[in-house]
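The values are calculated or read from the model by the stated rules, or taken from the named source; none is laboratory data. Since we're looking at a predicted model, the values are computed, not measured. Cβ coordinates were reconstructed from backbone atoms using ideal geometry, including for glycine residues, and neighbour counts include every protein chain displayed. The accessibility values were calculated without ligands, DNA or RNA, using every heavy atom of the protein model including side chains. Shrake-Rupley method; radii C 1.70, N 1.55, O 1.52, S 1.80 Å.
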Amino acid sequence: MSTDATIPARAPEPEAPPRPSWWRGRSELLVAALVLGIAGFIAVQTAAMPVPTGTEPPGPRFFPTLVAIFMGVVGLALAVQVVLRPARPAQAAEPAPGADAAGSDGTGEETPVRIDWRCLGIVVATMTVFIAILQPVGWLLSAALLFFGVAYALGSRRLLFDAVLSLTFSSLIQLAFVAGLGLNLPAGILGGIF
């Protein structure tokens, strides 16, 4: 009985990559839960709002109810979208040598999703300034600054067009509140003019 030493040894089978967690790519469910929580809070507070007898419709509960319903629908839609189509890691523009089409670098690691901190910082700063100047400056100018700042943060560089559009949009909202609802938004420094 002889053994042949020329028979190659069988290569070990490669291990299957670990199965990712169900939660991977579904972190936006936290945002959906936050939106639904705020919608629930608004709904409870609106239901508990005292309304004087004899108040004509639509009444003080009408718009908060619309906001609660809208936020509830948006929260549910976001949750369904995240569950059905979880976020994928950001793909590199050019895969590194040895990387496969799935965005892994050959070691099983995926390219992390990057946060645009500059955009986020500009939006947060613009909202902070809006809150700080709303009463002294008034709705018209402070809301125009808010809309302009968010447009700039999101990449628009048509400064004159964005400024005109921001002023137009804040003016239309002011007119809708005054003419449509009979409510006055803060006038600020423009109080004597309008």
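If I go through the stretch 112-155 residue by residue, how many of them are under 15 Å from the mean Cα position of the chain (by Cα) and under 25 Å from Leu183 (Cβ atoms)?
Qualifying residue count, the stretch 112-155: 2.
What number of residues within the stretch 174-194 are assigned to a helix (DSSP H, G or I) and surrounded by fewer than 16 Cβ atoms within 10 Å (Cβ to Cβ)?
Final tally of qualifying residues: 9.
Suppose we filter Phe130, Phe169 for residues that are aromatic (Phe, Trp, Tyr), at pLDDT 90 or above and open to solvent by 70 Å² or more (accessible area, probe 1.4 Å); which single one remains?
The unique qualifying residue is Phe169.
Considering Ala16, Ala32, which residue is modelled with pLDDT under 90 and touching a helix residue (DSSP H, G or I) at 6+ places or on another chain (Cβ under 8 Å)?
Ala32
Of everything in the stretch 28-62 that's among the polar types (S, T, N, Q) and assigned to a loop (DSSP other than H, G, I, E, B), which residue is least open to solvent (accessible area, probe 1.4 Å)?
Only one residue tops the list, namely Thr55.
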